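Scroll down for the structure; my scribbles are underneath it.
Nothing in this text is a laboratory measurement; each read-out follows from the coordinates by a stated rule. On a predicted model such as this, the values are computed, not experimentally measured, just so you know. Here the Cβ positions follow ideal geometry from the backbone for every residue, glycine too, while neighbour counts run over all protein chains shown.
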């Protein structure tokens, strides 16, 4: 079963988290310290941990509500989607047609599970399946093994059928009342001759006993509802929670670890080391005994054990995540134990683990903990990570994001963080914000409702700083770059001077550094509850980033009035279009020749040698024209020249053919989006 959503109620600081939908295998819960992230994850972890870890009513009930305490209170509600084979298995447990693959499971403070099929609440009735009844009725057998009289045989078969009818009709309580009349009927039908008479007496007693067995079997048999409940509970995924990311440096003194273990005073590093030995199939006590021996055969066997253990562990872990592949090697000298690691992609050989980077030591230890807590399977579990990567530098945190992607390929993974570098801006649908409100903690996927601390975290992730002063207008136009800014603003100014429509006075135009940065900048502004229109070129990069902003980020701000616009759609140009396509070829070529005159001279060419071939989007043809003459195209300098001419133009008659019409279309489209036309 795959978890699709969950909700936590009445657990520590969480009064009611609300339903938290998991739209992806990887979900990031953003929140400041003490916001309730740990409570949320621990409540979910205790839903179905690998080892017993029950809810504690006394310690985990919300403070100040003692008078409301009840072990009937549901702590965690989880929505699951059934896998096809699970749905098939469930379908065989009911007489109804199973039309849903959604199941809801709750768990209360007493540890009781309740299973419901919300889309089909009556699909598993509270009665026995006919197959279960038929199986129980097989205990009633006719007297066929020994010869009996024909009349007795007929009566015996009638008694069996009467009992079966009552069972099939669910009248189990009436089965006990059959014993006496059946005995009378069977005794009256007995033969008067031997050996049939003896066999018939035996059957009378056996039939009476079988009726009792049938009655008890039917009482004990689970109903279809109970069978479905047991099936679901049996197939619940294991929930793994990690909050103590202990790093193992790689070396240890075996006898000293044993002393601390036997004295129940192991360190965190000792615990991690003992766990690694367990995963590798090594025994600490045996290693110590071997280390005390002077026998060369024992020493040799010890080294073989270490090699085999390291190879086994390498096969189970290394390369599993598709990156940072590594090979493990164990060595021992007396009571000294060493761990060496080879990162196979670097081809630099074995290096002691303690000489590896702190980030690699962390990842290695994390892999060991993950394998240990998942029972060695690595997959099919729900992995809950509370503030992972807290002590990693930003580069290590970015590496962790990649590793989390790999973990989530086979496991639903939920992690909490307040670190900007651990927020994956490529997938905003993964982000959930946890925040404290009056009465408890809530979680929301609407990024527009974030409070100050959470908003600052998101802003930092977007590469912004709170002191940046982009926010000077309630209506904003974000363009991809400074060239777009110059041309859009100067065209607008020119049209406004001529008494035509341009940009509204209260619209602030802001240039990003690229199409992807336009997404970040627009998202930042939307998060400040401003109205934003992001204008993208209709080239590959622009269309890709426009789709990302529109389908991922804008949907995360449910009440936002913001939107996107592709340049080609605005000016009715089919195919790719950039801001340069606002102008005809001959006009743009003239500016290109002016800007690149000195470069052309340096390669023995004249401005007349620079021409634009073919049709279609202007920018790639301009780049190809310059490249064909051995010079580098400088579109920024061309944009500056155009900007200067537009700023000095006395009227729209100075515009080349077609540009005025395209400009008017562009500003009408922008006005329609930002609400002034």
> By counting other Cβ atoms within 10 Å of each Cβ, how are 103, 507 ranked from fewest to most?
Replying inline: 507, 103
> Based on DSSP H runs of at least 4 residues, each adding -39500 (n - 2.57), what is the mean residue ellipticity at 222 nm of the chain after dividing by all its residues, to the nearest 500 deg cm²/dmol?
Replying inline: -13000 deg cm²/dmol
>> Using Stokes-Einstein with the Kirkwood hydrodynamic radius over Cα pairs, what translational diffusion coefficient do you get for region 129-287 at 10 °C and a viscosity of 1.306 mPa s, in µm²/s rounded to a whole number?
In response: 74 µm²/s
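According to the Cα gyration tensor, what semi-axes, each the square root of 5 times an eigenvalue, does the equivalent ellipsoid of region 503-587 have, listed from largest to smallest in whole Å?
Working: eigenvalues 114, 43, 24 Å².
So the three semi-axes of region 503-587 are 24, 15, 11 Å.
Report the far tail of the P(r) of the chain, meaning the percent of Cα-Cα pairs longer than 44 Å. Present the calculation step by step, with values, prior to reporting the outcome.
Values: 117671 of 228826 pairs.
Pairs farther apart than 44 Å: 51 percent.
Please arrange 265, 668 by counting, for each residue, the other beta carbons lying within 10 Å of its beta carbon, fewest first.
Details: 265 9, 668 13.
Final ranking by Cβ density, sparse to dense: 265, 668.
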> What spacing in nm lies between the two simple spin-label points modelled at residue 68 and residue 193, each 7 Å away from Cα in the Cβ direction?
Replying inline: 8.3 nm
>> Report the Rg/Rh value for region 493-548, based on alpha-carbon coordinates and the Kirkwood definition of Rh.
In response: 1.06
> Per the Debye formula with a single identical scatterer at each Cα and no solvent contribution, what log10 I(q)/I(0) holds for region 193-297 at q = 0.09, 0.10, 0.19, 0.21 Å⁻¹?
Replying inline: -0.60, -0.63, -1.02, -1.12
> Dividing the Cα radius of gyration by the Kirkwood radius, what Rg/Rh value follows for region 25-118?
Replying inline: 1.05
>> Tell me the angle of helix 635-648 to the major Cα principal axis of the chain, expressed in degrees between 0 and 90 and rounded to the nearest ten.
In response: 60 degrees
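Per residue, how big is the convex hull of region 236-287 when only Cα atoms are used? Give it in Å³. Each step should come with its number before you reach the end.
On the way: hull volume 6.0 nm³, N = 52.
Once divided by residue count, the hull of region 236-287 is 116 Å³.
When averaged across all projection directions, what area in nm² does the alpha-carbon convex hull of region 475-674 cover? Intermediate results must be reported in sequence, preceding the final value.
Values: hull surface 44.3 nm².
So the Cα hull casts an average projection of 11.1 nm².
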>> Could you check the spin-label model distance between residue 300 and residue 131? Points 7 Å from the Cα along Cα→Cβ, value in nm.
In response: 5.9 nm
> Relative contact order (percent) for region 475-674, with alpha-carbon contacts under 8 angstrom and 6 or more residues of separation?
Replying inline: 26 percent
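Mind pulling the per residue volume of the convex hull built on the Cα atoms of region 615-669? Å³ is fine. If you can, show how the numbers build up before the last one.
Values: hull volume 6.3 nm³, N = 55.
Here the figure is 115 Å³ per residue.
Among 626, 76, what is the fewest-to-most ranking by other Cβ atoms within 10 Å? Display every interim value, and only then the final one.
Values: 626 19, 76 23.
Ordered from fewest to most neighbouring Cβ atoms within 10 Å, 626, 76 come out as 626, 76.
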> In nm, to one decimal, how far is the residue 350 label point from the residue 650 one, both placed 7 Å along Cα→Cβ?
Replying inline: 8.6 nm
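So what is the relative contact order for region 246-372, in percent, with contacts set as C-alpha pairs under 8 Å and at least six apart?
Working: 165 pairs, mean separation 39.7, N = 127.
The value is 31 percent.
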> Per 5 Å bin, what percent of the C-alpha pairs of region 130-222 does each bin hold, from zero upward?
Replying inline: 2, 15, 28, 22, 15, 10, 5, 2, 0
>> Using only the alpha carbons of region 246-372, what is the convex hull's orientation-averaged projected area in square nanometres?
In response: 7.5 nm²
>> Sorted from largest to smallest, which semi-axis lengths in Å does the alpha carbon gyration tensor of region 167-218 give for its equivalent ellipsoid, taking the root of 5 times each eigenvalue?
In response: 25, 11, 7
